[in-house]
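The values are calculated or read from the model by the stated rules, or taken from the named source; none is laboratory data. Since the structure is predicted, the reported quantities are computational estimates derived from the model, not experimental observations. Glycine gets a Cβ as well: all are built from the backbone with ideal geometry, and neighbour counts include every protein chain shown.
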Amino acid sequence: MIRVPNLTMELDAEEVTRGGAWHTAGPLVAAVARALAVPASQVVRVQVLRRSIDARKRSHVHFNVTALAQLASPAAEAAAVGSRKAQAYAPLSPLAIPRVAAPQDDARPVVVGTGPAGLFCALYLARAGARPLVVERGAAVEDRARAVAAFDAGGPLSERTNIQFGEGGAGTFSDGKLTTNTKHRMAPYVLRWFVDAGAPADILWDAKPHIGSDKLPGVVARMRREIVALGGEVRFGCRLVEARFERGALTAAVLEDASGTIEVIPCARMILAPGHSARDTFEAVRGWGVTMEQKPFSMGVRIEHLQSQINRAQWGRFAAHPALAHRAADYKMAVHVSPARSAYTFCMCPGGTVTCAASEAGGIVTNGMSNYARDGRNANAALLVNVDPADFPGSDSLAGVTLQRSVEQAAYRASIEAGGAPYQAPAQTVGDFLAAMGRPVPAGRSPQVRPTYARGTVAVDLRTCLPAFVCDTIADALPRFNGRLRGFCDPAAVLTAPETRSSSPVRICRGKQSLQAWLPGAPRGPEGDPAGCGVYPCGEGAGYAGGIMSAACDGMRVAARVAQDMIQAKDE
């Protein structure tokens, strides 16, 4: 079998360019034959491995396909590889998970957090036989969805269960995008584990895979049920409040349930997989003496356009083609506006909504999400500016959190002062924002974009709640982005603020090999890494990931390390 990349397939061939099926005749077989310069009769069968929409030339929007092909003989395949028209193909081998002797309750690992890092770490450990205890401050995903819906409808904010906290983590309500720049060896297994849990099979071959916030809850729940079926335990409404150490080694985790009852759980290994919003956990970890450091993050707004406008801008006349008529175009852009500042789009949600993502009383936070069909009226994306430690209000490791909180609370106050209700978000059209910033406003105006933020928006000058450098950078970036994506700077587009939780503003430092936290008094390994602390920082909140895929990969990497450490300890 050989891998044949960069096949150009017309949009009319949409059905045959889907993955999962073998083809022995037709346009896909013909395309492989042309690419390899062999007769079609030499191509035994073909399957799509990867498909993307190529819209670099709007005069010819088409699919770009990578195919798996079997030729009539091994010699023919070797010749195709030798000519560099194809590549050798090796199927994905089953993931080798080491087997851990079933531990007693006081020796099982504790996994803190059920975002993608914690969830995949716990599932790996459960499959290894380690019977993990998983604790999550928020509710199970079914109850969590109801809590989020109630808040969106105007109810009170639950600081324990919301868009940031609860089973599945923040990614459960952010479209479930699985695109990543990581080449981590675990990435293919993450996708397969998602499919095994009920995610759409197209994530295995779509170049920009997504699950959708309507499908993710069911997928997450099935993963949890497997963890439990394999001997693990999952506790919701359960918060880590303290860890206890003796001579630098973890001895117990102190947990608090929803009623305030405290329980001390003996343990020697804790996987710390907090989300980027677990601020009280960060404070607790700092109190243990664990080394932490400031980390750059980003801040800005959510920008909304009509999805039809984005479709036309990206696909031109092909936006009406049957292969694309029920799809939603996306975009991803970045620009340097000065030596110190950049702006970029992030977490673009085609056909989606801007979400109410607060997790603390008296603060406004926005995020974006879309369902699997991506069939909403608007497109939205984070429009972010880099925030470096030099911008933080001090040298404390949690100074980035202080900056985030100050902006979120300023946004809350600005909306109230403008006549809004609690948790309504400040918003401004692009035209009004540019005018307030003293910048030229593009001529023309599309139909008014109706904000999708469920709690409602209030017209506010965004300079009252965002740092000046963020507003200046966005104002400089908007017309530059418009040169890349026509209509991006449309005066009718809406900016809703603030987006402050794109990533963690802190890193919980860990050893490069041991993956354990740096704790004063903890033993050191042969290369100087912490080797006996027993705390394994993991995922996005700890500063080692930037999305669902990278967090899940980090969770599996840490789980593999923990499993090896458990086996070694047993042998000793």
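Identify, from the list Asp396, Asp388, the residue that is farther than 23 Å from Val219 by Cα, touching a Pro at 6+ places or on another chain (Cβ under 9 Å), modelled with pLDDT of 95 or more and surrounded by fewer than 20 Cβ atoms within 10 Å (Cβ to Cβ). Steps first, answer last, please.
Values: Asp396 fails: touching a Pro at 6+ places or on another chain (Cβ under 9 Å).
Answer to the check: Asp388.
Hey, among the residues in the stretch 14-68 that are in contact with a helix residue (DSSP H, G or I) (Cβ under 7 Å, 6 or more places away or on another chain) and of a type in the set (Gly, Ala, Ser), which one's farthest from Pro188 (Cα to Cα)?
Filtering the stretch 14-68 for residues that are in contact with a helix residue (DSSP H, G or I) (Cβ under 7 Å, 6 or more places away or on another chain) and of a type in the set (Gly, Ala, Ser), the one farthest from Pro188 (Cα to Cα) comes out as Ala40.
So which residues in the stretch 72-92 are assigned to a loop (DSSP other than H, G, I, E, B) and either modelled with pLDDT of 95 or more or over 30 Å from Leu123 (Cβ atoms) (or both), if there are any at all?
As a first pass, look at the stretch 72-92 and keep what is assigned to a loop (DSSP other than H, G, I, E, B): 72-73, 83-86, 89-92.
Of everything in the stretch 72-92, those that are assigned to a loop (DSSP other than H, G, I, E, B) and either modelled with pLDDT of 95 or more or over 30 Å from Leu123 (Cβ atoms) (or both) turn out to be Ala72, Ser73, Ser83, Arg84, Lys85, Ala86, Tyr89.
What pairs come out if I take residues in the stretch 520-548 that are in contact (Cβ under 8 Å) with a residue 24 or more places away in the chain and within 16 Å of Ala273 (Cβ to Cβ) and pair them with residues that are charged (D, E, K, R) and outside any loop (DSSP other than H, G, I, E, B) whose C-beta lies under 6 Å away, six or more apart or interchain?
Taking only residues 6 or more apart or on different chains, the pairs are Pro537/Arg510; Cys538/Asp554; Gly539/Asp554; Gly543/Arg507; Tyr544/Asp554; Ala545/Asp554.
Within the bounds of the stretch 464-472, is there any residue that is in contact (Cβ under 8 Å) with a residue 40 or more places away in the chain and either in contact with a Cys (Cβ under 9 Å, 6 or more places away or on another chain) or in a strand (DSSP E or B) (or both)?
No, the conditions are met nowhere in the stretch 464-472.
Tell me, please, whether a residue that is touching a Phe, Trp or Tyr at 6+ places or on another chain (Cβ under 9 Å) and either under 30 Å from Ala373 (Cα atoms) or modelled with pLDDT of 95 or more (or both) can be found in the stretch 219-230. It would help to see each step written out before you state the result.
Our first condition is that a residue be touching a Phe, Trp or Tyr at 6+ places or on another chain (Cβ under 9 Å); within the stretch 219-230, this holds for 219, 223.
Of the ones still in play, those that are also either under 30 Å from Ala373 (Cα atoms) or modelled with pLDDT of 95 or more (or both) are 219, 223.
Yes, the conditions are met somewhere in the stretch 219-230.
Condition (residue is in a loop (DSSP other than H, G, I, E, B), buried (at least 22 other Cβ atoms within 10 Å of the Cβ), modelled with pLDDT of 95 or more and under 16 Å from the mean Cα position of the chain (by Cα)) applied to the stretch 170-183: is it met by at least one residue?
Kept after step one, since they are in a loop (DSSP other than H, G, I, E, B), are these residues of the stretch 170-183: 174-176, 178-183.
Then keep just the ones that are buried (at least 22 other Cβ atoms within 10 Å of the Cβ); that gives 174-176, 178.
Now restrict to residues that are modelled with pLDDT of 95 or more: none.
No.
In the stretch 336-351, which residue that is touching a residue at least 40 places away in the same chain (Cβ under 8 Å) and within 20 Å of the chain's Cα centre (by Cα) is surrounded by the most Cβ atoms within 10 Å (Cβ to Cβ)?
This residue is Cys349.
For the stretch 539-567: of the residues being small (Gly, Ala, Ser) and out of contact with any helix residue (DSSP H, G or I) (no Cβ under 9 Å at 6 or more places or on another chain), which is modelled with the lowest pLDDT? Let's see the steps before the verdict.
Our first condition is that a residue be small (Gly, Ala, Ser); within the stretch 539-567, this holds for 539, 541-543, 545-547, 550-552, 555, 559-560, 563.
When the remaining residues are screened for being out of contact with any helix residue (DSSP H, G or I) (no Cβ under 9 Å at 6 or more places or on another chain), the result is 543, 546.
Working: Gly543: 97, Gly546: 90.
Restricting to residues being small (Gly, Ala, Ser) and out of contact with any helix residue (DSSP H, G or I) (no Cβ under 9 Å at 6 or more places or on another chain), the top hit is Gly546.
With the requirement that a residue be under 18 Å from Cys121 (Cα atoms) and either of a type in the set (Asp, Glu) or not in a helix (DSSP H, G or I) (or both), what does the stretch 184-206 give you? Walk me through it before giving the result.
Taking the stretch 184-206 and keeping what is under 18 Å from Cys121 (Cα atoms), we get 184-197.
Matches in the stretch 184-206: His184, Arg185, Met186, Asp196, Ala197.
Out of the residues in the stretch 352-374 that are surrounded by fewer than 24 Cβ atoms within 10 Å (Cβ to Cβ) and more than 19 Å from Pro217 (Cα to Cα), state the one that is nearest to the chain's Cα centre (by Cα).
Looking at residues that are surrounded by fewer than 24 Cβ atoms within 10 Å (Cβ to Cβ) and more than 19 Å from Pro217 (Cα to Cα), I get Ser359.
Give just the number: which of (1) in contact with a Pro (Cβ under 8 Å, 6 or more places away or on another chain); (2) closer than 27 Å to Gly376 by Cα does Val441 not satisfy?
Val441 satisfies all of (1) in contact with a Pro (Cβ under 8 Å, 6 or more places away or on another chain); (2) closer than 27 Å to Gly376 by Cα except (2).
Could you please tell me which pairs satisfy a Cβ distance under 6 Å, a separation of 6+ or placement on different chains, a first residue in the stretch 318-335 that is within 21 Å of Glu304 (Cβ to Cβ), and a second residue that is in a loop (DSSP other than H, G, I, E, B)?
Ala328/Pro350; Ala328/Gly351; Ala328/Arg374; Asp330/Pro350; Tyr331/Leu485
Filter the stretch 410-424 for residues that are closer than 30 Å to Ile508 by Cα and either more than 25 Å from the chain's Cα centre (by Cα) or in a loop (DSSP other than H, G, I, E, B) (or both) and give the result. Show your work before the answer.
Initial filter on the stretch 410-424 (closer than 30 Å to Ile508 by Cα): 410-412.
Within the stretch 410-424, Ala410, Tyr412 meet the criteria.
Matching residues to (1) at pLDDT 95 or above; (2) surrounded by fewer than 19 Cβ atoms within 10 Å (Cβ to Cβ); (3) assigned to a loop (DSSP other than H, G, I, E, B); (4) out of contact with any Ser or Thr (no Cβ under 9 Å at 6 or more places or on another chain):
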{"residue": "Asp280", "(1), (2), (3), (4)": "yes, yes, no, yes"}
{"residue": "Val285", "(1), (2), (3), (4)": "yes, no, no, yes"}
{"residue": "Glu293", "(1), (2), (3), (4)": "yes, yes, no, no"}
{"residue": "Glu304", "(1), (2), (3), (4)": "yes, no, no, no"}
{"residue": "Ile310", "(1), (2), (3), (4)": "yes, no, no, yes"}
{"residue": "Gln314", "(1), (2), (3), (4)": "yes, no, no, yes"}
{"residue": "Ala319", "(1), (2), (3), (4)": "yes, no, no, no"}
{"residue": "Ala328", "(1), (2), (3), (4)": "yes, no, yes, no"}
{"residue": "Tyr331", "(1), (2), (3), (4)": "yes, yes, yes, no"}
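May I ask you to list the residues in the stretch 120-142 that are in contact with a strand residue (DSSP E or B) (Cβ under 8 Å, 6 or more places away or on another chain) and either surrounded by fewer than 22 Cβ atoms within 10 Å (Cβ to Cβ) or closer than 30 Å to Ala96 by Cβ (or both)? Quick ask: steps written out before the conclusion?
First, pick out the residues of the stretch 120-142 that are in contact with a strand residue (DSSP E or B) (Cβ under 8 Å, 6 or more places away or on another chain): 121-122, 125, 131-140.
Across the stretch 120-142, the qualifying residues are Cys121, Ala122, Leu125, Arg131, Pro132, Leu133, Val134, Val135, Glu136, Ala140.
Within the stretch 207-257, which residues are of a type in the set (A, V, I, L, M, F, W, C), surrounded by fewer than 16 Cβ atoms within 10 Å (Cβ to Cβ), out of contact with any Ser or Thr (no Cβ under 7 Å at 6 or more places or on another chain) and not in a strand (DSSP E or B)?
Those that are of a type in the set (A, V, I, L, M, F, W, C), surrounded by fewer than 16 Cβ atoms within 10 Å (Cβ to Cβ), out of contact with any Ser or Thr (no Cβ under 7 Å at 6 or more places or on another chain) and not in a strand (DSSP E or B): Val228, Ala229.
Where residues in the stretch 335-375 are small (Gly, Ala, Ser), in contact with a Gly (Cβ under 9 Å, 6 or more places away or on another chain) and part of a strand (DSSP E or B), which of them is farthest from Tyr453 (Cα to Cα)?
Only one residue tops the list, namely Ala343.
From the list Ala454, Ala468, Ala427, Ala477, which residue is under 29 Å from the mean Cα position of the chain (by Cα), modelled with pLDDT of 95 or more and within 30 Å of Ala273 (Cβ to Cβ)?
Answer to the selection: Ala454.
Taking only the stretch 101-114 into account, find how many residues are touching a strand residue (DSSP E or B) at 6+ places or on another chain (Cβ under 9 Å) and part of a loop (DSSP other than H, G, I, E, B). Working first, answer last.
Restricting attention to the stretch 101-114, the residues satisfying the condition of being touching a strand residue (DSSP E or B) at 6+ places or on another chain (Cβ under 9 Å) are 105-114.
Now restrict to residues that are part of a loop (DSSP other than H, G, I, E, B): 108-109, 113-114.
Summing the residues that are touching a strand residue (DSSP E or B) at 6+ places or on another chain (Cβ under 9 Å) and part of a loop (DSSP other than H, G, I, E, B) in the stretch 101-114 gives 4.
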